[in-house]
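Read-outs: derived from the displayed coordinates by stated rules, not from any lab. In this text, all values refer to a predicted model and were calculated from it rather than measured experimentally. Here the Cβ positions follow ideal geometry from the backbone for every residue, glycine too, while neighbour counts run over all protein chains shown.
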Amino acid sequence: MKRISHFLTLALLANTLSYAANAATRPSDETDARQVVDKLFDGMRNGDSTAVRSVFTKQCTLTSISKNAADSTVVHKGTVDSFVKAVGTPHKDKWDERIYEVKVSIDGPMAVVWAPYKFYLGDKFSHCGVNVFNLIKTNTGWKINDITDTRRKDACP
């Protein structure tokens, strides 16, 4: 009976250590989802339309919300195709979107990434706001299924 008890204890310990080792070396879903967002911005900075295209689902939607001079809300809908084309078209200044205080929430195959940002054209500040990314976990990893962002030129932290 003692042998069985020792065997079970060793087996349980080995299993626990194996799980802990795998958990320590495998990125979490939160980290994986954040890496997809980072890949988008790295692609934008590098003008790499292939990298940018790779982070989106086929049905992804893009929505920007801003205020006009009359303080009315303006909603602009864009397409991934036009965005990817714009990223890949040579432009004078690097598109540098810098995110901070990023929050990632996961529920099964869905992730929401909330990311305040400051956008620069080259070294010149352009605008700021908040990005909200909705991601879906696919067979090939996390993909962005929707981006909604706010845009403003003032009241930026």
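Of note:
- Among the trypsin sites (Lys or Arg not before Pro) in the range 43-139, those located in a DSSP loop and surrounded by at most 16 other Cβ atoms within 10 Å of their own Cβ are LYS92, LYS94.
- With a Förster radius of 41 Å applied to the C-beta separation of ASP107 and ALA70, the computed FRET efficiency comes to 0.60.
- Positive dipole terminus of the range 42-157, leading residue within VAL52, PHE133, CYS156 (C-beta point charges): VAL52
- Ranked SER72, SER64, criterion: other C-beta atoms within 10 Å, fewest first: SER72, SER64
- Taking the Cα centre of the range 29-150 as origin and assigning +1 to Lys and Arg Cβ atoms and -1 to Asp and Glu Cβ atoms, the resulting dipole is close to 300 debye.
- 3J(HN,Hα) from dihedral phi, the range 95-104, Karplus parametrisation 6.51/-1.76/1.60, rounded to Hz, x for glycine, proline: 8, 10, 9, 10, 9, 7, 6, 6, 10, 10
- Cα shape, the range 53-128, gyration tensor, a/c 1.5 rule: rounded
- Rounded, prolate or oblate (a/c below 1.5 giving rounded, otherwise prolate when a/b exceeds b/c) for the range 91-157 by Cα gyration tensor: prolate
- Between THR61 and ASP146, ILE147, the built amide H atoms are under 5 Å apart, and every one of these is 5 or more places off in sequence or on another chain.
- Note on LEU121, LEU135, LEU62, LEU40: ascending count of other Cβ atoms within 10 Å places them as LEU121, LEU62, LEU40, LEU135, the fewest first.
- Across the range 34-46, coupling constants 3J(HN,Hα) worked out from phi with the 6.51/-1.76/1.60 Karplus curve, θ = phi - 60°, read 4, 4, 5, 5, 4, 5, 4, 6, 4, x, 4, 4, 8 Hz, and Gly and Pro carry x.
- Nearest-0.05 FRET efficiency for GLU30 and THR57, computed from C-beta distance (R0 25 Å): 0.85
- Top positive-direction residue, dipole computed over the range 29-150 with Cβ charges, set ILE144, ALA33, SER82: SER82
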